[in-house]
Amino acid sequence: MSENNPDIPRRIAIIMDGNGRWATERGKDRISGHREGEKAITDTVRASVELELEALALYAFSTENWKRPQAEVDFLMSFNEELLDLRVDEWHERGVMIRFLGRREGIPKRLMDKMDEAMELTGKNTGLKLNVAYNYGGRPELVDAAKAVARKVAAGELDPDAIDEDTISRHLYAPDVPEYDLMIRTAGDVRVSNFMLWEIAYAELVFTPVLWPDFRRQHLMEAIEEFNRRTRKFGALI
Ligand code: IPE
Ligand code: IPE
Ligand code: MG
């Protein structure tokens, strides 16, 4: 729960889905749906800062999204650059620490440089941790964690029998945020699409039909209200 408000989950992860459907419904091309999604991102980050969340994870590009038409992939890469140009200063002023979680391979150098700059600029901020999942997959993340742990074992730095859940958590992309309280998916599909597989083990899942470009603070608050109606038991009897 957030430090100052017991009714707010501290860590929220969002699968931002439905940009294409938003555009198709309006007879527009899919790309205009992605563009429109920027408003939802800006509003959600502002709300998350004001709610004093510890962490907000946004699923922006999955390891599976490379399967889309090249023109859409290219757009998503250049749009991420645009978005950083537009918002990084504001987020920095608001104390947001931006971090990109995912593999670096395949990301155009210009975008990667911009992502690195944003991480460098905001790295010491102590406000909201904004974890942007980019070229991210939950399974690749666990594979990368396994490799890092195996390297330590091979180097004689780690006893295999000492490996426990904490060891895995400490080797995730954001080791300081090894779990989320609430995961929201927009646009009505009821699946996790390879997002935060380890980190949502005990999250409450909220699925809303609202398409991502229409998602605003009020929808975030509705998801939080739904979260508060749930009884979290963690396997115990409560
Ligand atoms: C989410 O919207 C954005 C990304 C996956 C990059 P979609 O593009 O998946 O929108 P739909 O699911 O086709 O409506
Ligand atoms: C998940 O949405 C990935 C992101 C939101 C970045 P997708 O639209 O790619 O997921 P599927 O294809 O419906 O599972
Ligand atoms: Mg989709």
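Based only on Cα atoms, what mean projected area does the convex hull of region 1-98 have, in nm²? Provide the component values of the computation, followed by the final result.
Values: hull surface 28.4 nm².
With the hull built on Cα positions only, its mean projection is 7.1 nm².
Would you kindly state how much longer the chain becomes between residue 103 and residue 39 on full extension, computed as 0.36 nm times their sequence separation minus their alpha carbon distance, in nm to one decimal?
20.4 nm
Would you list the membrane-span-like helices of the chain, meaning whole DSSP H runs whose alpha-carbon atoms span at least 30 Å along their axis and whose mean Kyte-Doolittle value is at least -1.0?
Values: long enough: 30-50 (31 Å, -0.83); 70-93 (35 Å, -0.48).
Membrane-span-like by this criterion, though nothing is claimed about a membrane: 30-50, 70-93.
What does the chain give for Rg and for Dmax, in Å, if only its C-alpha atoms count?
18.0, 60
Helix-derived [θ] at 222 nm for the chain: sum -39500 (n - 2.57) over DSSP H runs of at least 4, divide by residue count, nearest 500? Walk me through the numbers on the way to the answer.
Details: 7 runs with 102 residues, N = 238.
Taking each H run of at least 4 residues, the total per residue is -14000 deg cm²/dmol.
List the trypsin sites (Lys or Arg not before Pro) in region 94-151 that DSSP assigns to loop (not H, G, I, E or B) and whose Cβ has at most 10 other Cβ atoms within 10 Å. Which are they?
Passing sites in region 94-151 are 124.
I'd like the carbon and sulfur percentage of the solvent accessible area for region 88-192, probe radius 1.4 Å, heavy atoms only, ligands and nucleic acids excluded.
Using a 1.4 Å probe with all protein chains present, region 88-192 comes out at 50 percent carbon and sulfur.
Sequence neighbours fewer than 8 away in the same chain don't count; with that in mind, list the aspartates and glutamates whose C-alpha is under 12 Å from residue 233.
204
Going through the cross-link list 28/129; 39/129; 39/114, which pairs have a Cα-Cα distance over 22 Å in this structure?
Pairs exceeding 22 Å: 28/129.
So how strong a dipole does the chain carry about its Cα centre when Lys and Arg Cβ are +1 and Asp and Glu Cβ are -1, to the nearest 20 debye?
Around 540 debye, computed over the chain.
Straight-line reach from residue 152: which aspartates and glutamates have a Cα under 18 Å away, not including same-chain ones fewer than 8 places off?
141, 144, 161, 164, 165, 166
Could you do me a favour and compute the accessible area per residue for region 88-172, 1.4 Å probe, result in Å²?
Accessible area per residue, region 88-172: 56 Å².
Which listed residue (131, 80, 142) has the Cα farthest towards the positive end of the charge dipole for region 35-142, taking +1 on Lys and Arg C-beta and -1 on Asp and Glu C-beta about the Cα centre?
Sorting the options by dipole projection puts first 142.
I'd like the accessible area for residue 35: 1.4 Å probe, protein heavy atoms, all chains in place, Å² to the nearest 10.
110 Å²
Counting Lys and Arg as +1 and Asp and Glu as -1, each charge on the Cβ, what is the dipole of region 158-234 about the Cα centre in debye, to the nearest 20?
Once rounded to the nearest 20, the dipole reads 520 debye.
The values are calculated or read from the model by the stated rules, or taken from the named source; none is laboratory data. Being a predicted model, the structure only gives us computed values, none of them experimental. Here Cβ is always computed from backbone atoms with ideal geometry, including for glycine, and neighbour counts include all displayed protein chains. In case anyone asks, the SASA skips ligands and DNA or RNA and just uses the protein heavy atoms, side chains included. Shrake-Rupley method; radii C 1.70, N 1.55, O 1.52, S 1.80 Å.
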